[in-house]
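Before any comments, here is the structure.
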Amino acid sequence: MKKFLQIIIASILIICLLLGLGYLGLSVYYENGFSFQTYINGIYCTGKSVEAVNQELNDAFEYNGLTVVTKQGTFSIDTEKIEYSYDYREPLNHYLKQQNPYLWIENLFGNQEKYSMLPSVSYNENMLEEILEKEIAAQKLPASHHIILRSGKNGFELQDTKQDILDKTKMKEVVKKALADGRDTIDIEKEGCYYNQPYTAEEEKLLVFYKQAEQYQSRKVVYHFGEETEKLDAGDLAQTLTCFSYFQTGKKELPESFPEGFLSQDGTLSVEKEAVDALLDDCFEPYNTYRNHTFTTHDGRTLKIKGGTYGNQINMKKEKEELLAFLQSEETEYDREPLYSKEVSLKGKDDIGDTYIEVDIGNQKMFYYRNGELYLETDVVTGKNNATREEVCYVYGKQKNRILRGPGYASPVKYWMPVSGGIGIHDSSWRSEYGGDIYIRNGSHGCVNTPLEIAEKMYEVVEIGTPCIMYYGIDEN
């Protein structure tokens, strides 16, 4: 029994010795390679040499360069242009030196060594410097830092170069670190590469004034002309201020005489009445159509026709007073339909619409358009010696079986449609021919003589208020 026990003990000792020798053998093995169950960047490295792991990591690493986002846009740094290269040997050797090969057994029980490792990076710093300097120059950064207040077609605009100043040195440091870390994109604003400069006392005063001007010009002013609208923008409103002309050349500070001339007694911005008047004259001009029409004829000519009794005339005096009062107030919105001293049913730049009578005096033709379609066309005879005026008027009455009277004549007509004073459209039973040059030698007293059947049809469908455009066809443009 004693001998059997000795055999068992000896066997156990031999097994322990063999295990110990095996453990020591593996430890020696791991001295020149990575320990059991070691993973680096997802690659199994157990027992492998630095060179072997370095090759695998290099093959797995992909880097196509860096995109730099700035406040002015983006630019890219191509790895080839800066001779970018990378290698894992240095960080791998560093890790290997820290590894204790005799503790490899810890990994056997689930303590796997998983590491994320960046390569050692190198590139041509001179080439990188050239690229960065070129990109910085392309941003056209200001040489000096200040604020300038300028007025123009877009209103008051502030140029402030004391905010968001690029720190070139820090930007370069951030880019270099991003290249070393293998980053694809960086936003240099988020990386803190911009800074602000403090304002001087005079600049602070100018900023306060700008905010007041900006608030003034940002107000909403809208006019309605039927289905059309006109909105006064910042540039329109800004030019009504007395200070507008002073800042047209751009100023870095307020004048010594400030606030004289710029502010009213109550501290609000001073408004120039003459500028308000000029602004509305210009804005309302296309909508003041009374005695001032632009008309496109049946054959495509565009004519300026002055005179007549048809059209809209805005009450300019009242509208100028109302706008001035608004601009001098603290109100922020002005939504208005203008008041008219003369008006027709249609508002807007085209107050004639698509239903009208057109009398082409030069060609002795008359057309009646209804809802945009030609309804009637006929030859006519108009007034001798320009007795038929060029004007835009309208049908203001309709009467049957009327006797037209004048010096030396009394002419009975069946259909009478007056359009301008004593001038009207009517049938003329005493005529057998129309058109051509009859009006030159035997024209009317000013009326539009029309064949009976045409006059009858027109009388049946033409409504009172229908525009009537009469012209000789001379383009005044």
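Here are a few things to note about the model shown:
- Looking at region 245-298, the trypsin sites (Lys or Arg not before Pro) that sit in a DSSP loop and have at most 14 other Cβ atoms within 10 Å of their own Cβ are 252.
- Distance violations [Cα-Cα > 32 Å] among 168/220; 140/231; 304/400; 317/384; 349/457; 168/251: 168/220; 140/231; 304/400; 317/384
- For the chain, fraction of C-alpha pairs farther apart than 43 Å, in %: 59
- Helix 452-461 axis, angle to the chain major axis (alpha carbon atoms, nearest 10°): 50
- Kirkwood's formula applied to the C-alpha pairs of region 187-239 gives a hydrodynamic radius of 14.6 angstrom.
- Over the chain, Cα pairs under 8 Å with separation of 6+ residues give a relative contact order of 10 percent.
- Share antiparallel - DSSP beta bridges, the chain, percent rounded to 5: 75
- Each principal axis of the Cα atoms in region 248-378 has its own extent, and those three values, largest first, are 73, 30, 22 angstrom.
- Taking θ as phi - 60° and the Karplus parameters 6.51, -1.76 and 1.60, the scalar couplings of region 180-197 work out to 5, 8, x, 6, 7, 9, 9, 10, 5, 5, 5, 7, x, 8, 10, 9, 10, 9 Hz in sequence order, x denoting glycine and proline.
- Each Lys or Arg adds one and each Asp or Glu subtracts one; over the other residues with Cβ under 15 Å from the Cβ of residue 316, this totals -4.
- Oblate is the label for region 186-278, because the ratio a/c of its alpha-carbon gyration tensor axes (a ≥ b ≥ c) is 1.5 or higher and a/b is not greater than b/c.
- Under 15 Å from residue 190, Cα to Cα: aspartates and glutamates that are on another chain or at least 8 residues apart: 164, 167, 173
- Cα shape, region 370-431, gyration tensor, a/c 1.5 rule: prolate
- Taking Cα atoms only, the orientation of helix 273-284 departs from the longest principal axis of the chain by about 80 degrees.
- Theoretical ellipticity at 222 nm over the chain - DSSP helices of four or more residues, -39500 (n - 2.57) apiece, nearest 500: -9500 deg cm²/dmol
- Cα long-axis angle, helix 316-327 against the chain (0 to 90 degrees, to the nearest 10): 20
- Computed over region 207-271: relative contact order in percent, which uses C-alpha pairs under 8 Å that are six or more apart: 26
- With protein chains left intact and a 1.4 Å probe, residues in the chain average 56 Å² of accessible area per residue.
- Taking only protein heavy atoms and a 1.4 Å probe, the accessible area of region 147-288 is 44% carbon and sulfur.
- Three-way shape call for region 310-405 based on the alpha-carbon gyration tensor, with the a/c threshold at 1.5: prolate
- Radius of gyration and maximum dimension Dmax of region 287-326, Cα, Å: 14.5, 47
- Spatially, region 257-333 and region 177-247 are offset by 27 Å when compared through their Cα centroids.
- Note on region 452-474 and region 156-170: Cα centroid distance 67 Å, given to the nearest whole angstrom.
The values are calculated or read from the model by the stated rules, or taken from the named source; none is laboratory data. Because the structure is a prediction, the values reported are computed rather than measured. Cβ: placed from backbone, ideal geometry, glycine included. Neighbour counts: every protein chain shown. When the accessible area is computed, the model is the full protein with side chains, heavy atoms only, and any ligands, DNA or RNA have been set aside. Shrake-Rupley method; radii C 1.70, N 1.55, O 1.52, S 1.80 Å.
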